[in-house]
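J.: What follows is a single structure, and I will ask about it in a moment.
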Amino acid sequence: MSDRWTISLGRIAIVLALFALWETLSRFGVVNSRLLPSASDTFGTLADLLQRSSVRSDLAVTATEVLTAFALAVPFGGLIGFLIAENRYFADVVKPLLFFAFSIPKSIFLPMFILVFGVGFSQKVGFGFFSTIFIVIMSTATAVESVRVEYLTVARSYGATRAQTAWRVYLPSMLPVLLEALRISMIFNLTGVILAEMYASRDGIGHQIASWGENFQMKQLLAGVVMVAAIAIAFNEIIRWVETRCSHWRT
Amino acid sequence: MQPLANVTPLRPAQRAGAIEIRDVGQVFRTAGAEVVALSQVSLEIKPGRFVVLVGPSGCGKSTLLMMLAGLREPTSGSILINGTPITKPDPDRVGVVFQEASLFPWLTAEENVEFPLALRGIAKAERRAKAEEALKLVGLEGFGKRHPHELSGGMKQRVSIARGLVQDPPVLLMDEPFAALDEQTRMTMGDELLRIWAATGKTIVFVTHSLTEAVYLADEVVVMSARPGRIVDHLQVSLPRPRTYEMLSGDVFGSLRDRIWRHIRKSA
């Protein structure tokens, strides 16, 4: 297993080197430290910010919005995706249209969301939902289609009911693809909510990052970036870990 | 049926099924066109026989097997197993072994074998006991906790056979079960199947492309031809049992295989 070790080691080395580069560039004045505060300063500010109740409540606001949008988009999009994939005719009709919708950058609709919902919770959740739903629909449809006909035939030949087939064959068979879909959906969802916060909002971590930027508070701005990046990476890695545990299901 | 001399049955040979196929036809309708997959197929299979269906691609042998499994209804005619028509899947009467990769990769070997029992809500302990017995029968004792990706191609098909036998059905249907295996494994699996058959006394209907496999395994070989699918010959294989590798080069074996080949060449 020395191979895996060297790979991890190399990876850690790259990350450390990047942080070291960041630190040196700033510390020795290669880049103006007002433009690029050093890594150590940034992490110090991050620790400081996390103590503040206003930052914590901003994080809580964003987390609530993200989770609400996700909790609405995943089952709703999943159901639509399942129904589309189950009906051949419907799939043929609707699929290209979904691709059209998916290819449009969602951000151009943001002003409309503000006009319809006003500035607030529902605007941000609504936009997060809108940013996520298409990818959920498309990946669920792909997941349903990934179920091998052989598995369905086996289930039928042993007398499985529709519910048994759904629960014992469709669901476990789709799970690896679904997890990947969930992971990618979350990236879209987070992007949507934070974008909405940065564009027009009174609270949330995206709003904070935007206003730190406007006020030229580089330390806080970078600390905010690190914060959001860490949360996003953590969620991604958790799902990826579950994915690898069932990767052999794909065969 | 003559049991093999060197085999001690794990269970007394019993519960073999009689199959009657009467004037069965199957017509597929695709985009306005009608394709006659099977036409006027009649066949009688006595309990405990090992019957192999061979024929060129498109001769309807797999379709016939799917109808025996109740997965497809005949357009005309009827199929009776132990005197009762089969119109939908009936795991009490028929077990099916599919081509490679029909095991569920998310379940362990024993969970795969238990699957048909789980569908009927049989309690966990009873399920596990029956699965263990079936795995032992196919020579996979101690492999129950493995997932399919941890098993070789031959072992996977043993699990499939165990799954087909776990409910002790009188008839076992096998759709090209060894097609994806290498030649060596295929021969071994053939011998294993004959051992399992001798130990359980099931009626087996086996579909294959391999003429050698057909003659080696069968009591009777049913030869089919395409467009429309129908039976063109029905041979009794008089070779004694146990079958041995040496028989493959014998005159009886050769002439039987030649006879089948001539039918197939004609219709292909």
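J.: Restricting attention to segment B:3-19, does a residue exist that is within 17 Å of the chain's Cα centre (by Cα) and modelled with pLDDT under 75? Even if it seems obvious, please write down each step before you answer.
T.: Pass one, segment B:3-19, residues within 17 Å of the chain's Cα centre (by Cα): B:15-19.
This time we only want the ones that are modelled with pLDDT under 75, so: B:15.
Among the residues of segment B:3-19, at least one is within 17 Å of the chain's Cα centre (by Cα) and modelled with pLDDT under 75, which makes the answer yes.
J.: Which of the residues spanning segment B:139-177 are under 15 Å from residue B:96 (Cβ atoms), touching a helix residue (DSSP H, G or I) at 6+ places or on another chain (Cβ under 9 Å) and assigned to a loop (DSSP other than H, G, I, E, B)?
T.: B:166, B:167, B:168, B:176, B:177
J.: Out of the residues in segment A:153-171 that are surrounded by 13 or more Cβ atoms within 10 Å (Cβ to Cβ) and among the charged types (D, E, K, R), state the one that is farthest from the other protein chains (Cβ to nearest Cβ). Don't jump to the end; show me each part of the working.
T.: Keep residues of segment A:153-171 that are surrounded by 13 or more Cβ atoms within 10 Å (Cβ to Cβ), which gives A:153-160, A:164-166, A:168-171.
Filter once more, keeping what is among the charged types (D, E, K, R): A:156, A:168.
Numbers: A:156: 6, A:168: 7 Å.
Across segment A:153-171, the extreme among qualifying residues is A:168.
J.: State which residue is nearest to the other protein chains (Cβ to nearest Cβ) when the search covers only segment B:70-88 and only residues that are surrounded by fewer than 20 Cβ atoms within 10 Å (Cβ to Cβ) and under 20 Å from residue B:177 (Cβ atoms). Please lay out each step first, then the result.
T.: Of the residues in segment B:70-88, the ones surrounded by fewer than 20 Cβ atoms within 10 Å (Cβ to Cβ) are B:71-73, B:75-78, B:80, B:82-85, B:87-88.
From what is left, the residues that are under 20 Å from residue B:177 (Cβ atoms) are B:71-72.
Details: B:71: 6, B:72: 10 Å.
So, considering only residues that are surrounded by fewer than 20 Cβ atoms within 10 Å (Cβ to Cβ) and under 20 Å from residue B:177 (Cβ atoms), the one nearest to the other protein chains (Cβ to nearest Cβ) is B:71.
J.: Scan segment B:107-125 residue by residue and report those that are at the interface with chain A (Cβ under 9 Å from one of its Cβ atoms) and surrounded by fewer than 21 Cβ atoms within 10 Å (Cβ to Cβ).
T.: B:107, B:118, B:119, B:120
J.: Another question about this same structure. Any residue at all in segment B:256-265 that's of a type outside the set (Gly, Ala, Ser), buried (at least 19 other Cβ atoms within 10 Å of the Cβ) and assigned to a loop (DSSP other than H, G, I, E, B)?
T.: Looking for residues that are of a type outside the set (Gly, Ala, Ser), buried (at least 19 other Cβ atoms within 10 Å of the Cβ) and assigned to a loop (DSSP other than H, G, I, E, B), one finds none in segment B:256-265, hence no.
J.: Output the residues belonging to segment A:207-251 that are touching a Leu at 6+ places or on another chain (Cβ under 7 Å) and either within 14 Å of another protein chain (Cβ to nearest Cβ) or of a type in the set (Gly, Ala, Ser) (or both).
T.: Taking segment A:207-251 as the starting set, the residues that turn out to be touching a Leu at 6+ places or on another chain (Cβ under 7 Å) are A:209, A:212-213, A:218, A:220, A:223, A:226-227, A:232, A:239, A:242-243, A:246, A:249.
Hits for segment A:207-251 are A:213, A:223, A:232, A:242, A:243, A:246, A:249.
J.: Further, regarding this structure: Can you report the number of residues in segment A:126-182 which are of a type in the set (S, T, N, Q) and in contact with a strand residue (DSSP E or B) (Cβ under 9 Å, 6 or more places away or on another chain)?
T.: 2
J.: Just to be sure, is residue B:128 at pLDDT 95 or above, more than 10 Å from chain A (Cβ to nearest Cβ) and surrounded by fewer than 19 Cβ atoms within 10 Å (Cβ to Cβ)? Don't jump to the end; show me each part of the working.
T.: Values: at pLDDT 95 or above: yes; more than 10 Å from chain A (Cβ to nearest Cβ): yes; surrounded by fewer than 19 Cβ atoms within 10 Å (Cβ to Cβ): yes.
Answer is yes for this residue.
J.: Give me the residue from segment B:87-105 that is assigned to a loop (DSSP other than H, G, I, E, B) and in contact with a strand residue (DSSP E or B) (Cβ under 7 Å, 6 or more places away or on another chain) and, out of that set, modelled with the lowest pLDDT. Break it down stepwise before answering.
T.: Initial filter on segment B:87-105 (assigned to a loop (DSSP other than H, G, I, E, B)): B:87-93, B:98-105.
Then keep just the ones that are in contact with a strand residue (DSSP E or B) (Cβ under 7 Å, 6 or more places away or on another chain); that gives B:93, B:98-99.
Values: B:93: 92, B:98: 92, B:99: 85.
Among those that are assigned to a loop (DSSP other than H, G, I, E, B) and in contact with a strand residue (DSSP E or B) (Cβ under 7 Å, 6 or more places away or on another chain), it is B:99.
J.: Of the residues A:85, A:69, which is of a type in the set (Gly, Ala, Ser), out of contact with any Gly (no Cβ under 9 Å at 6 or more places or on another chain) and either modelled with pLDDT of 95 or more or assigned by TED's automatic domain parsing to the domain that holds residue A:127 (or both)?
T.: Values: A:69 fails: out of contact with any Gly (no Cβ under 9 Å at 6 or more places or on another chain).
Matching residue, one of A:85, A:69: A:85.
J.: Right, something else. Does segment A:174-186 contain any residue that is of a type in the set (D, E, K, R) and either within 11 Å of chain B (Cβ to nearest Cβ) or surrounded by 20 or more Cβ atoms within 10 Å (Cβ to Cβ) (or both)? Lay out the reasoning, then the answer.
T.: Residues of segment A:174-186 that are of a type in the set (D, E, K, R), as a first pass: A:180, A:183.
If we keep only those that are either within 11 Å of chain B (Cβ to nearest Cβ) or surrounded by 20 or more Cβ atoms within 10 Å (Cβ to Cβ) (or both) as well, we get none.
For segment A:174-186, residues of a type in the set (D, E, K, R) and either within 11 Å of chain B (Cβ to nearest Cβ) or surrounded by 20 or more Cβ atoms within 10 Å (Cβ to Cβ) (or both): absent.
J.: Could you tell me whether any residue of segment B:216-225 is over 24 Å from residue B:18 (Cβ atoms) and modelled with pLDDT of 95 or more?
T.: Applying the first criterion (over 24 Å from residue B:18 (Cβ atoms)) to segment B:216-225 yields B:216, B:225.
Restricting the remaining residues to those that are modelled with pLDDT of 95 or more gives B:216.
Yes - at least one qualifying residue is present in segment B:216-225.
J.: Return only the number of the condition from (1) more than 19 Å from residue B:202 (Cβ to Cβ); (2) out of contact with any Phe, Trp or Tyr (no Cβ under 8 Å at 6 or more places or on another chain) that residue B:83 does not satisfy.
T.: The single condition residue B:83 does not satisfy is (1).
J.: Just to be sure I understand the filter: pairs with C-beta atoms under 6 Å, separated by 6 or more residues or on different chains, first member in segment B:114-130 and within 20 Å of residue A:162 (Cβ to Cβ), second member of a type in the set (D, E, K, R). Which pairs pass?
T.: Taking only residues 6 or more apart or on different chains, the pairs are B:117/B:127.
J.: With the requirement that a residue be within 20 Å of residue A:185 (Cα to Cα) and not in a helix (DSSP H, G or I), what does segment A:205-251 give you?
T.: Residue satisfying the conditions is A:246 alone.
The values are calculated or read from the model by the stated rules, or taken from the named source; none is laboratory data. These numbers come from a predicted model, not from an experiment. Note that we place each Cβ from the backbone using ideal geometry, even for glycine, and neighbour counts take in every protein chain shown.
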